[in-house]
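Data block below; observations after.
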Amino acid sequence: MLISSRIGLGTWSIGGSMWGGTDQAGAVKTIRAALEAGITLIDTAPAYGFGRAEELVGRALAEHGARERVVIATKAGLAWRAGALYRDASPERIVSGVEDSLRRLGTDYIDIYQLHWPDPRVPLERTAAALRTLYERGIVHAIGLCNASPAQMRAFRTAAPLHIVQAPYNLFERGIERGVLPYVERHGLPVIAYGALCRGLLSGRMRPDTRFTGDDLRQVDPKFQPRRYGQYLRAVAALDRFARERYGKTVLTLALRWLLDAGTSIALWGARKPEQLAAIDDVFGWRLDREARAAIDRLLQDTITDPVGPEFMAPPAGTAAAA
Ligand SMILES: NC(=O)c1ccc[n+]([C@@H]2O[C@H](COP(=O)([O-])OP(=O)(O)OC[C@H]3O[C@@H](n4cnc5c(N)ncnc54)[C@H](OP(=O)(O)O)[C@@H]3O)[C@@H](O)[C@H]2O)c1
C-alpha cells in the first residue's frame, strides 16, 4: 500500500449536504490544491452530498492525473432516503455501494475502504466478511473501520483483516483516549483522526456573531449553541495566544500539530476553498513536547467547564438522520 501524507483532505463539506451547500468548481480546485501541496490522502464517502463529494474527487483526480500516487479513502454502510441518511451495512449494500463508488470516483480500485458506522441491525462479522471478499478480489487494497469501539473492532477482526481505524479526535473531542486509542496502540493499528478543526471551531475564524445558513450542521452542533459556544470561543482565543507566544503559529496549525503528536497517524483537514489549506507548511518542522501538552490541557480545563462530544453526528439505524 502507498504511504500517505500525515495530513489528509476531508471532503464532507465539499459534498455540501449538512454544510449549507457546495461550490463545485471551488471544490475541484481545493482537491487539486491539496494534491499540489503534497497531501496524498483524500477521505470521502458516498454519504457526503449523496454521491457528490465522490464525483468531485473523481473529477479532480481525472484533471490531476497520477491516480496511482493518490490514496483514496472512501466508505460504505450508510444509505439515504428522501435526503436523509441511515445505517445499512448489509452485505448487499456493501456490494452495490462499492460499484457506485468506483464509478463516481472514476477508478477500478479503492485504496482504503472503511465501514462508515457499525450497523446494530447487521452483525459486524457479516459486514466484515463482505469487505474481506472485496479485499481478496483486489477491489479494495485496505479495510478500515470508523466510529467503532474496541469490542466492535475485536468482533470485526474475527471475520476480516483490519488495516486502519478512523475516529473523531481533536483538541476539544478527546473521547477516544479512553478505549479506542489504547486498543489501536496495543494492536499496532494506524489511526485517521477526523474533525481535526472541530468543524471549523479550531480554525480561528469563528466569532460570536458567526451565522450558518441552510442545512449547515453547525446550527445544531451543541458546541455552536449559546453558553457553550462562548466557552469554546474563549478556549480558541487562549489556544491562539499560546500558539503565537510560544511558537509563532496560529490556533489552526496548533490543532493539527497537536493531533500529529498525539499518537494519530493521519489528521483529516476538511476544506472546501483552496486558500483554507494555505497554512499547511506551518504544521511541520516543530513539535509539542509533554510540558506544552500539559499546559494546553490546563488551559482547556480552565476555559471549557461544560464540555460536549461529537455524539450528535451519529446516524440512526434504518431511519433518517445525520452522518
Ligand atoms: N468517519 C466519519 O464518520 C467522519 C465524520 C466526520 C468527518 N469525517 C471526515 O473527516 C473530515 C474532516 O472533518 P470535518 O470536515 O467534519 O471537520 P473539520 O476538518 O474539523 O472542519 C472543516 C471545516 O473547517 C473550516 N476550515 C478549514 N480550514 C479553514 C481555514 N483555513 N480557515 C477557516 N476555516 C477553515 C471549513 O469550514 P467552512 O467551509 O464552513 O468555512 C471546513 O469545512 C471530513 O471532511 C470527512 O472526510 C469522517
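The values are calculated or read from the model by the stated rules, or taken from the named source; none is laboratory data. Since the structure is predicted, the reported quantities are computational estimates derived from the model, not experimental observations. Because the Cβ atoms are built from the backbone with ideal geometry, glycine has one as well, and the counts that use them run over all protein chains shown. Accessible surface is based on the protein model in full, side chains and every heavy atom, while ligands, DNA and RNA are left aside. Shrake-Rupley method; radii C 1.70, N 1.55, O 1.52, S 1.80 Å.
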- [ ] Please compute the Cα-Cα pair-distance distribution of segment 65-110 with 10 Å bins starting at 0, giving whole percents from short to long.
- [x] 24, 47, 23, 6
TODO: Just check segment 1-48 against the gyration tensor rule for me: Cα atoms, a ≥ b ≥ c as the square roots of the eigenvalues, rounded for a/c under 1.5, and otherwise prolate or oblate depending on whether a/b exceeds b/c.
DONE: oblate
Task: Cα-projected label distance for R121 with A237, points at 7 Å along beta-carbon direction, nm - done: 4.8
Open item on the list: With N set to the number of residues, divide the alpha-carbon radius of gyration of the chain by 2.2 N^0.38 Å and report two decimals.
Closed with: 0.95
Open item on the list: Please check: in the Gaussian network model of the chain (C-alpha springs, under 10 Å), which one of A278, A34, A193 has the largest mean-square fluctuation.
Closed with: A278
- [ ] Would you give the gap between the C-alpha center of segment 130-165 and the C-alpha center of segment 24-59, rounded to a whole Å?
- [x] 24
Task: Rounded to 5, the percent of DSSP beta bridges in the chain classed as antiparallel - done: 20
- [ ] Determine, from the Cβ-Cβ distance of D100 and R67 and an R0 of 25 Å, the FRET efficiency 1/(1 + (r/R0)^6), rounded to the nearest 0.05.
- [x] 0.85
Task: Length gained when the stretch R211-A314 is fully extended (0.36 nm per residue, less Cα-Cα span) - done: 34.8 nm
TODO: Taking H placed 1.01 Å from N in the peptide plane, check which residues at least 5 places from D111 or on another chain put their amide H under 5 Å from its amide H.
DONE: I72, H141
Open item on the list: Helix check for the chain. Which DSSP H runs span at least 24 Å along their own axis by Cα, with a mean Kyte-Doolittle hydropathy no less than -1.0?
Closed with: 228-247
- [ ] Find the eigenvalues of the gyration tensor of the Cα atoms of segment 248-323, then list the square roots of 5 times those eigenvalues as equivalent ellipsoid semi-axes, largest first, in whole angstrom.
- [x] 27, 20, 12
- [ ] Could you tell me the convex hull volume per residue, in Å³, taken over the Cα atoms of segment 175-257?
- [x] 126
Task: Carbon and sulfur %, accessible surface of the chain computed with the full protein complex present, 1.4 Å - done: 51
- [ ] Give a quick list of GluC sites (Glu not before Pro) in segment 158-239 that DSSP marks as loop, anything other than H, G, I, E or B, with at most 10 other Cβ atoms within 10 Å.
- [x] none
Open item on the list: I'd like the Kirkwood hydrodynamic radius of segment 5-163, using the inverse of the mean 1/r over distinct C-alpha pairs, in Å.
Closed with: 15.7
TODO: First check a/c for segment 166-323, with a ≥ b ≥ c the square roots of the eigenvalues of its C-alpha gyration tensor; if it is under 1.5, answer rounded, and if not, answer prolate when a/b is larger than b/c or oblate otherwise.
DONE: rounded
